[in-house]
Amino acid sequence: MTSIGFSDLHRGLNIEIDGQPYEVVEYTRHKMQQRAPVTRVKVRNLLSGSVTEKTFQAYETSFTPADVESRECQYLYTDGQFYHFMDLESFDQHQLSKEQIGDNLNLLKEEFSLEITFYNGAIIGVKLPTFVNLKVTISPPGLKGDTAQGGTKPATLETGHNLNVPLFINEGDTIKVDTRDGKYVERAN
């Protein structure tokens, strides 16, 4: 396996540090007078999601590329215990637990396409598209003049996710939801 030097670092690069996969979030080089340059790297652990900052001597260290791969998959169904996905390229099927999917479960609907991330052949994460369209199943009617709270009301989506929507959204409407924070964006066509 080839090693990665400091001149090859860039945002989004996947590297291994102490046997763990990390994604480079940002990095800076500092050259101090009469000393070797120092590189500060901010990295996100791909297993835990935590972000840390590490400092390295520029000429003493090289990195190993992490064996991280993302594949586009489609959500098929759940059997109550596991959630089943199909790789859209190889048609292999993968099963994930609720813990592996995490908060993405609130916005997951059958036949959705998403990315599954693998590290050394094992699944380490699921990433939904930035926006998804979902149907509103429960939403009380908005009352005329009820705008003291910013003009929103509670709604439940077809996946069971609860959020606030504008007063003009009705049951049966399809809305666009931001998967990063689970909030309403706009009414979908």
Within the range 94-122, tally of residues that are part of a strand (DSSP E or B) and either closer than 30 Å to residue 137 by Cα or hydroxyl-bearing (Ser, Thr, Tyr) (or both): 9
Conditions (1) surrounded by fewer than 17 Cβ atoms within 10 Å (Cβ to Cβ); (2) farther than 30 Å from residue 64 by Cα; (3) of a type in the set (D, E, K, R); number of the one not met by residue 153: (1)
Lone unmet requirement of (1) open to solvent by 30 Å² or more (accessible area, probe 1.4 Å); (2) part of a strand (DSSP E or B) for residue 48: (2)
Sole residue being polar (S, T, N, Q), modelled with pLDDT under 90 and farther than 30 Å from residue 19 by Cβ, chosen from 189, 120: 189
Condition check for residue 95: within 30 Å of residue 128 (Cβ to Cβ) and touching a residue at least 24 places away in the same chain (Cβ under 8 Å): no
So residue 69, is it under 18 Å from the mean Cα position of the chain (by Cα), open to solvent by 50 Å² or more (accessible area, probe 1.4 Å) and not basic (Lys, Arg): yes
Of all residues making up the range 51-104, the number that are in contact with a Lys or Arg (Cβ under 6 Å, 6 or more places away or on another chain) and among the β-branched types (Val, Ile, Thr): 2
Residues located in the range 1-10, provided they are open to solvent by 60 Å² or more (accessible area, probe 1.4 Å) and within 13 Å of residue 62 (Cα to Cα): 1, 2, 3, 7, 8
Candidates 123, 116, 101, 138, filtered to the one that is surrounded by 11 or more Cβ atoms within 10 Å (Cβ to Cβ) and over 22 Å from residue 178 (Cα atoms): 123
Filtered residue count, the range 11-45, keeping only those that are at pLDDT 80 or above, assigned to a loop (DSSP other than H, G, I, E, B) and open to solvent by 90 Å² or more (accessible area, probe 1.4 Å): 2
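The values are calculated or read from the model by the stated rules, or taken from the named source; none is laboratory data. Keep in mind it's a predicted model, so treat the numbers as computed, not measured. FYI the Cβ positions are ideal-geometry reconstructions off the backbone, even for glycines, and counts take in every protein chain you see. Ligands, DNA and RNA are excluded from the accessible area calculation, which covers all protein heavy atoms including side chains. Shrake-Rupley method; radii C 1.70, N 1.55, O 1.52, S 1.80 Å.
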